[in-house]
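Each remark here refers to the structure printed beneath this line.
The values are calculated or read from the model by the stated rules, or taken from the named source; none is laboratory data. All values reported here derive from a predicted model rather than from experimental measurement. No Cβ is skipped: glycine too gets one built from the backbone with ideal geometry, and neighbour counts run over all protein chains shown.
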Amino acid sequence: MGDVMSDGKTEELKTHRLASMCLVGKVIELGDGYSRVKLECGPEMAVDEKGLIHGGFTFGCADLAAMVAVNHPNVVLGKAEVRFTKPIRVGDIIEAEARVVEVSGKRHVVDVIVKRGGETVLEGKFYCYVLEKHVLD
């Protein structure tokens, strides 16, 4: 992943650059404190014969959107409060939209809504932290 087009200008993606587009989604829009991520739900994500998608993939898409909305190389997730509102199935395409709604020191609070078409499937609040150095350093 490199730069992402947003409103006719290119924004630099500074975090989660190696995130798998197949597992958590592709960044399709990036702005100041804002992002959109799209995920195509494939059969490898199913948990049963009916094609129900594991909620972890929906959460992963939402988490990526939150991290990218903050867009700092050292951002990590500290806590999330989410509500799953509809099931996802194989073949569905979901989009997560994230907005930073509060910044207090190193803490960034991000509201995320994941939709399939116009229907909300997950909504949540993600508490992200920008660390002074990489969490693994």
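Test Cys128 against the criterion of being assigned to a strand (DSSP E or B), modelled with pLDDT of 95 or more and within 22 Å of Leu23 (Cβ to Cβ), and give yes or no. Criteria met by Cys128. Any residue in the range 90-105 that is among the basic types (Lys, Arg) and within 14 Å of Lys38 (Cβ to Cβ)? Checked against the condition, which is being among the basic types (Lys, Arg) and within 14 Å of Lys38 (Cβ to Cβ), the range 90-105 yields no hits at all. Scanning the range 113-123 finds no residues that are of a type outside the set (Asp, Glu), touching a residue at least 60 places away in the same chain (Cβ under 8 Å), touching a helix residue (DSSP H, G or I) at 6+ places or on another chain (Cβ under 9 Å) and within 17 Å of Glu11 (Cβ to Cβ).
Based on this model, can you work out whether Met21 counts as at pLDDT below 95, exposed (fewer than 15 other Cβ atoms within 10 Å of the Cβ) and over 14 Å from Ala62 (Cα atoms)? Criteria not met by Met21.
Given the structure, is Val100 surrounded by 13 or more Cβ atoms within 10 Å (Cβ to Cβ) and not hydroxyl-bearing (Ser, Thr, Tyr)? Spelling it out, Val100 is indeed surrounded by 13 or more Cβ atoms within 10 Å (Cβ to Cβ) and not hydroxyl-bearing (Ser, Thr, Tyr).
Listed by position, the strands (runs of 3 or more DSSP E) contained in the range 8-87 that have at least 1 residues being in contact with a Lys or Arg (Cβ under 8 Å, 6 or more places away or on another chain) and of a type in the set (A, V, I, L, M, F, W, C) are 26-31, 34-40, 75-84.
Given the condition over 19 Å from Val100 (Cα atoms) and acidic (Asp, Glu), answer yes or no: does some residue in the range 11-32 qualify? Checked the range 11-32: no residue is over 19 Å from Val100 (Cα atoms) and acidic (Asp, Glu). State whether one or more residues within the range 24-40 are under 21 Å from Asp111 (Cβ atoms), among the polar types (S, T, N, Q) and surrounded by fewer than 16 Cβ atoms within 10 Å (Cβ to Cβ). No; the residues of the range 24-40 include none that is under 21 Å from Asp111 (Cβ atoms), among the polar types (S, T, N, Q) and surrounded by fewer than 16 Cβ atoms within 10 Å (Cβ to Cβ).
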